[in-house]
Amino acid sequence: MTLDRFITVKHKENKPKIERLKEILKELGIECARTIEEKVDLQFSALEYLHKNLKNDELFIKLVIANAIVSYQLTATGEEWWWEFAEHFSLNPPEIGIVNAYSRFLAESKTNRRLTAAKIKRLEKLEPFLAELKLKDLKNYYYSMTSLRNDLAKVLNSKRNAKTIVFAVKMFGYAGRIAFREFIPYPMEIEIPDDVRINAYTNRFTNELPTSFWSRIAKEVNIPPLHIDSILWPVLGKHAEVKERLKKYCSKAELIFELASL
């Protein structure tokens, strides 16, 4: 294959599909994403459950960040993992430290059994950073989530757009919304989590890198990438309860289901 031919293939796009994608996203808007996050996403429900039982905003937010950092290579769905997390720490709040607590939790987990030694090492890097944070610091991060993204990447020696880093910011946003009772949209600068599901969906439209493609789309439709992720995931997943919630709470559910057929 010649270089010119490679460049043509590399940047080939399905323009009619992309235009319809943008039309739907513009009609849905950020408020639809918020509805999905707060009423449809079972992970948000799990965090509400944990927050209610812990009765400690600072510990709650720190646990959410820690859990997001080890949310990869799961042995069940993300929804099942986050509910196992919420139920476990509702009954067993950390007494000595997060690393110690997770050493016990992951050893017994049914939904996160892989690479546990590597995950504990990540938490060992993270714990000193979290230990220094007070509730006021966490609230400052809620108003500047890009700063949290940057600091987490530095602490964990990861790229700023690494999947677990941006996912940690997304879940932190959920936790901040619950603890501080205020909705702050995600920053446009934080990229979409580049996972298998998003990769496969992106390939329907373009050969462009998913992170760059969705960052461009985000600016055109004025919806930050993390909120676009929230709109897409219910119809790209297989969780029946999620789809039922989508029909119940979203007045424009038919448009969201159309996204799955593009």
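Given the residues R34, R104, which is the only one that is of a type in the set (K, R) and free of Cβ contacts under 8 Å to residues at least 24 places away in the same chain? Going through R34, R104 in turn, the sole match is R104.
Restricting segment 80-102 to residues that are acidic (D, E) and more than 16 Å from E48 (Cβ to Cβ), the residue that is least open to solvent (accessible area, probe 1.4 Å) is E80.
Scanning segment 61-79 for residues that are surrounded by fewer than 22 Cβ atoms within 10 Å (Cβ to Cβ) and either within 23 Å of R181 (Cα to Cα) or charged (D, E, K, R) (or both) returns a single hit, E79.
Yes/no matrix, rows are residues, columns are (1) surrounded by fewer than 18 Cβ atoms within 10 Å (Cβ to Cβ); (2) not β-branched (V, I, T):
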| residue | (1), (2) |
| --- | --- |
| L135 | yes, yes |
| L138 | no, yes |
| Y142 | no, yes |
| T146 | yes, no |
| K154 | yes, yes |
| A168 | no, yes |
| A175 | no, yes |
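Residues that are buried (at least 16 other Cβ atoms within 10 Å of the Cβ) and within 15 Å of the chain's Cα centre (by Cα) number at least 1 in the following helices (runs of 4 or more DSSP H) confined to segment 207-262: 210-221, 225-236. For E87, the requirement of being charged (D, E, K, R) and in a loop (DSSP other than H, G, I, E, B) is not met. Among the candidates F172, F105, F167, the residue that is touching a His at 6+ places or on another chain (Cβ under 6 Å) and either in a loop (DSSP other than H, G, I, E, B) or within 23 Å of D41 (Cβ to Cβ) (or both) is uniquely F105. Taken together, I184, I178 contain a single residue that is outside any helix (DSSP H, G or I), under 30 Å from G29 (Cα atoms) and touching a residue at least 40 places away in the same chain (Cβ under 8 Å), which is I184. With the condition kept exactly as written, say whether any residue in segment 78-88 is without any contact (Cβ under 8 Å) to a residue 24 or more places away in the chain and out of contact with any Gly (no Cβ under 6 Å at 6 or more places or on another chain). Yes, segment 78-88 contains at least one residue that is without any contact (Cβ under 8 Å) to a residue 24 or more places away in the chain and out of contact with any Gly (no Cβ under 6 Å at 6 or more places or on another chain). Scanning segment 177-186 for residues that are over 16 Å from the mean Cα position of the chain (by Cα) and either modelled with pLDDT under 95 or surrounded by 17 or more Cβ atoms within 10 Å (Cβ to Cβ) (or both) yields one hit, A179. Scanning segment 187-199 for residues that are open to solvent by less than 60 Å² (accessible area, probe 1.4 Å), touching a residue at least 24 places away in the same chain (Cβ under 8 Å) and not in a loop (DSSP other than H, G, I, E, B) returns a single hit, I198.
The values are calculated or read from the model by the stated rules, or taken from the named source; none is laboratory data. It should be emphasised that the depicted structure is a prediction, and the values quoted were computed from it without experimental measurement. No Cβ is skipped: glycine too gets one built from the backbone with ideal geometry, and neighbour counts run over all protein chains shown. Ligands, DNA and RNA are stripped out before the accessible areas are found, and what is left, the full protein with its side chains, is counted by its heavy atoms. Shrake-Rupley method; radii C 1.70, N 1.55, O 1.52, S 1.80 Å.
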